[in-house]
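Notes for the one structure printed next.
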């Protein structure tokens with residue numbers, strides 16, 4: 001800068017001397033004698049102006065599930081520890097299932113008994129249908145005077161009593177299912193024998209119709225009993241299955257604070273599984289920041305280990321929290337094994353304030369009152385251009401005006417020029433310095449000769 005000022009002063013002196021010596025012929029000579037201001041220029045470019053803001057966030061697991069046992073009972077087997085990596089569906093623990101297994105076996109026997117009763121009811125209905133059909137097709141009943149109805153009735157009652165006794169013994173496990181089925185068949189045969197005797201002694205069609213209806217109701221009731229028994233069996237099977245605790249998701253075990261032999265409760269989580277394959281970032285933003293980072297905005301993430309992560313805004317609370325901010329969540333677009341839950345990270349998000357406009361250095365703009373302008377370098381002259389400031393930042397400012405990308409903007413020396421003033425570009429300044437050096441040497445030699453003459457005169461005077 002000092003060199004530029006020296007050159008400027010030298011040029012001004014030369015110009016002044018030329019003016020004192022009289023007018024010169026020719027306009028080119030006059031232009032050459034005018035003073036020039038040394039300046040620096042920069043090519044104008046178009047671009048964007050972006051604003052960056054920084055936030056602090058915390059890394060958390062995207063999903064974390066507390067695992068509760070479905071049954072209360074003693075823990076008999078624990079197959080994981082804190083910090084273990086597990087896969088979805090893997091067995092974690094087993095509870096004591098002795099009572100559940102006993103209930104399952106009991107319900108299995110109940111279902112078998114209900115199914116047999118249904119089969120018997122169906123057989124009774126079929127027999128009633130056949131008797132009614134035989135009676136309807138028979139013109140007259142067969143005489144059965146030789147049959148002893150009283151003995152048949154006693155035989156049926158004995159068969160019923162025996163069947164009821166065996167049912168109780170079967171439920172207690174004292175007899176086998178085959179013994180019970182045999183007693184049921186004996187009762188059925190006794191019933192059939194008595195009904196045949198009654199039919200042959202004058203039973204009418206109306207009674208047979210009532211018997212059929214009764215048999216149909218018996219089938220319906222037996223079917224209902226079987227359905228209920230099967231439901232109880234399904235529940236008993238689920239209870240047995242619930243004694244085994246499975247991992248609902250893949251992840252890492254934490255929060256395990258129970259040992260084998262202790263009782264597990266359905267009201268207390270057995271452990272927690274954290275999904276470490278996917279992370280989110282939680283943070284809090286102001287109302288102004290909320291407008292700048294809508295859902296889907298991508299931000300840069302800087303951690304203590306590594307920079308360059310990217311995350312996307314996936315949630316912003318519609319309401320303020322207790323401290324007046326809005327809770328927000330971001331999801332990493334890519335992760336690696338260096339990220340850990342609980343880590344504090346810095347979030348940097350940018351918003352475009354101006355897009356594809358003329359950008360100039362802020363210090364190159366001159367503002368006077370409501371006027372703002374810059375100087376361009378054009379054919380060796382400074383050309384004033386008024387501009388409209390679109391957005392001003394500390395380094396660059398977006399403007400509109402009669403200038404475009406590719407123009408040469410004066411960025412230094414612009415406060416010393418005026419519109420139309422001659423300027424000296426950096427490429428021209430070296431040439432001016434080279435031309436000035438011979439003149440300076442002549443002046444130095446002239447001054448030296450003059451000093452010698454003065455010295456000689458002084459010596460002669462002394463003699």
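The values are calculated or read from the model by the stated rules, or taken from the named source; none is laboratory data. Bear in mind the structure is a predicted one, so any value in this text is a computation, not a measurement. A quick note on method: Cβ atoms are made from the backbone with ideal geometry, for glycine too, and the neighbour counts reach across all protein chains shown.
I'd like to know if the range 210-230 contains one or more residues that are in a helix (DSSP H, G or I), closer than 23 Å to residue 71 by Cα and within 37 Å of the chain's Cα centre (by Cα).
Within the range 210-230, none of the residues are in a helix (DSSP H, G or I), closer than 23 Å to residue 71 by Cα and within 37 Å of the chain's Cα centre (by Cα).
Can you find, within the range 199-211, the residue that is modelled with the highest pLDDT among those that are surrounded by fewer than 18 Cβ atoms within 10 Å (Cβ to Cβ) and in contact with a helix residue (DSSP H, G or I) (Cβ under 9 Å, 6 or more places away or on another chain)?
Selected residue: 209.
Matching residues to (1) in the same structural domain as residue 210 (by TED's automatic domain parsing); (2) buried (at least 16 other Cβ atoms within 10 Å of the Cβ); (3) at pLDDT 90 or above; (4) touching a strand residue (DSSP E or B) at 6+ places or on another chain (Cβ under 8 Å):
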{"position": "78", "(1), (2), (3), (4)": "no, yes, yes, yes"}
{"position": "81", "(1), (2), (3), (4)": "no, no, yes, yes"}
{"position": "107", "(1), (2), (3), (4)": "yes, yes, yes, no"}
{"position": "113", "(1), (2), (3), (4)": "yes, yes, yes, no"}
{"position": "116", "(1), (2), (3), (4)": "yes, yes, yes, no"}
{"position": "120", "(1), (2), (3), (4)": "yes, yes, yes, no"}
{"position": "124", "(1), (2), (3), (4)": "yes, yes, yes, no"}
{"position": "127", "(1), (2), (3), (4)": "yes, yes, yes, no"}
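With 244, 286, 224, 282 as the choices, which residue is free of Cβ contacts under 8 Å to residues at least 60 places away in the same chain and in contact with a strand residue (DSSP E or B) (Cβ under 8 Å, 6 or more places away or on another chain)?
Testing whether each residue is free of Cβ contacts under 8 Å to residues at least 60 places away in the same chain and in contact with a strand residue (DSSP E or B) (Cβ under 8 Å, 6 or more places away or on another chain) leaves just 286.
Within the bounds of the range 239-247, is there any residue that is surrounded by fewer than 19 Cβ atoms within 10 Å (Cβ to Cβ), modelled with pLDDT of 90 or more and within 30 Å of the chain's Cα centre (by Cα)?
Scanning the range 239-247 turns up at least one residue that is surrounded by fewer than 19 Cβ atoms within 10 Å (Cβ to Cβ), modelled with pLDDT of 90 or more and within 30 Å of the chain's Cα centre (by Cα).
Inspect all residues belonging to the range 366-378 and state whether any of them is out of contact with any helix residue (DSSP H, G or I) (no Cβ under 9 Å at 6 or more places or on another chain), surrounded by fewer than 17 Cβ atoms within 10 Å (Cβ to Cβ), free of Cβ contacts under 8 Å to residues at least 24 places away in the same chain and outside any strand (DSSP E or B).
Scanning the range 366-378, I find at least one residue that is out of contact with any helix residue (DSSP H, G or I) (no Cβ under 9 Å at 6 or more places or on another chain), surrounded by fewer than 17 Cβ atoms within 10 Å (Cβ to Cβ), free of Cβ contacts under 8 Å to residues at least 24 places away in the same chain and outside any strand (DSSP E or B), so the answer is yes.
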